[in-house]
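Worksheet for the structure shown next.
Nothing in this text is a laboratory measurement; each read-out follows from the coordinates by a stated rule. Predicted model only: the values in this text are computed from it and were never measured. Glycine also receives a Cβ, built like all others from the backbone with ideal geometry; neighbour counts cover every protein chain displayed.
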Amino acid sequence: MKVVVTGANGFIGAPLCVALVDRGHEVTALVRRASSAHRLPRQVSVVEWDYRKDGEWQKAVSAANAVVHLAGAPVAAKRWSAQYKNDLRSSRIDSTRAIVEAMSKAATPGRVLASGSAVGFYGDTGAQTVTETSSSGTDFLAHLAVAWEAEAHRAESFGTRVVCLRSGHVLDADGGALEKMLPPFMAGVGGPLGSGLQYMSWIHRADEVGLIVMAVEDARVRGPLNLTAPRPVSMNEFAATLGRVLRRPSCFRVPAFVLRAVVGEFAEALLGGQKVLPQAATGLGYQFLYPKLEDALRQILTRSGE
């Protein structure tokens, strides 16, 4: 199968390309700068792209059997100014629109688009369990995810199978939330954010990649797909488990007012949470490699030498 991956240099995109190549797929990576693609296997074709401009990338997309669209500005990279909120929207919504437009030019319909999304779709749900059938939230990230998914679903009009990848907190040592949490814990000053009662729907990166591969290969997968482990935990439990695995204290709580002062509006996303279950994945028979948080953290930190 010819598979195009956007965001291919990223924390998820790079190992996904490796997995797809290992499974015999012909992979093309769309990247902003070809010089930054050194993490990718040599079998991967690299094409530079800018969704705001026409280019060779459009031919690669229209020729593909499947597109995995992971590109998007990092949510936590900057304070949420009005300009950065626009960047978050454009990098997701406008880029997805451009991908769908390029796919529409293909001579043969009936392919698959696995498009990024996030569990932020559900908003802050407290201790309520949510699945793929739950309704959307009302905050900025929820509205962003709804609009992002709507652009992807436009591809259904020309026969494409669309999967919206609602990712939780993806765990590995070289990126994502865990990379940011490790330094304070290693220094002995780690702990929960805010009250610690908010739920954290997490997933080991190996399972994140495995579920995306399933979305590409399994024609039964369509619509929203929660990319989360089957056992979400509270922030308190996450911090305690990480501290136990690292043999470090986990009692240094970060008060909500400090978090708001440091990161601004983004703090509300950190102080809220979702208790998300991967109902679609388990219903289709996906077997999680790391369903339990402690097992996931021990594997990651042993491999990384922490």
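Observations on the model:
- Distance in nm between pseudo-label sites at Arg97 and Thr302 (7 Å out along the Cβ direction from Cα): 4.9
- Cα pair count fraction exceeding 14 Å, expressed as % - the stretch 171-220: 66
- Relative to the longest principal axis of the Cα atoms of the chain, the long axis of helix 235-246 lies at roughly 80 degrees.
- Order of Asp172, Asp94, Asp54, Asp87 under a 10 Å beta carbon neighbour criterion, fewest first: Asp54, Asp94, Asp87, Asp172
- Nearest 10 degrees, 0 to 90: helix 293-304 Cα axis against the chain principal axis: 80
- In degrees, nearest ten, helix 176-186 long axis to first principal axis of the chain (Cα): 30
- Residues Phe266, Phe121 arranged by fewest to most Cβ contacts within 10 Å: Phe266, Phe121
- Just so you know, the Cα atoms of the chain work out to an Rg and Dmax of 18.9, 59 Å.
- Global size of the stretch 159-306 as Cα Rg and Dmax, reported in angstrom: 16.2, 54
- Cross-link pairs Lys180/Lys292; Lys85/Lys275; Lys78/Lys180; Lys2/Lys53 - those with Cα-Cα distance over 18 Å: Lys180/Lys292; Lys85/Lys275; Lys2/Lys53
- Computed E for Arg39/Ala127 - FRET, C-beta separation, R0 41 angstrom, nearest 0.05: 0.60
- Structure-based [θ]222 nm, the chain - -39500 (n - 2.57) summed over DSSP H runs of at least 4, per residue, nearest 500: -11000 deg cm²/dmol
- Residues listed by number, the stretch 1-24, amide nitrogen under 18 Å from Glu48 label point at 7 Å toward C-beta: 6-10
- R0 of 30 Å, Cβ-Cβ distance His153-Ala261: FRET efficiency to nearest 0.05: 0.20
- Calculated diffusion of the stretch 83-149, Stokes-Einstein form, Kirkwood radius summed over Cα pairs, 10 °C and 1.306 mPa s, µm²/s: 117
- Every Cα-Cα pair in the stretch 1-98 was counted, and those over 20 Å apart are 36% of them.
- The stretch 1-46: proportion of alpha-carbon pairs further apart than 11 angstrom, %: 57
- Of all beta bridges that DSSP places with both ends in the chain, some 10 percent have antiparallel geometry.
- Computed log₁₀ I(q)/I(0) - Debye formula, equal Cα scatterers, no solvent, the stretch 115-208, q 0.14, 0.15 Å⁻¹: -0.65, -0.73
- The stretch 191-306, dipole about Cα centre (Lys/Arg Cβ +1, Asp/Glu Cβ -1), debye to the nearest 20: 300
- Efficiency of FRET between Lys292 and Glu26 - r from beta-carbon atoms, R0 25 angstrom, step 0.05: 0.10
- Among 235-243, 42-50, the peptide with the highest mean count of other Cβ atoms within 10 Å heads the list, and the full ranking is 235-243, 42-50.
- Computed label-point distance, nm, for sites Lys105 and Ala77 using a 7 Å Cα→Cβ extension: 2.6
- Distance from the stretch 144-165 to the stretch 40-102 (C-alpha centre basis), Å: 14
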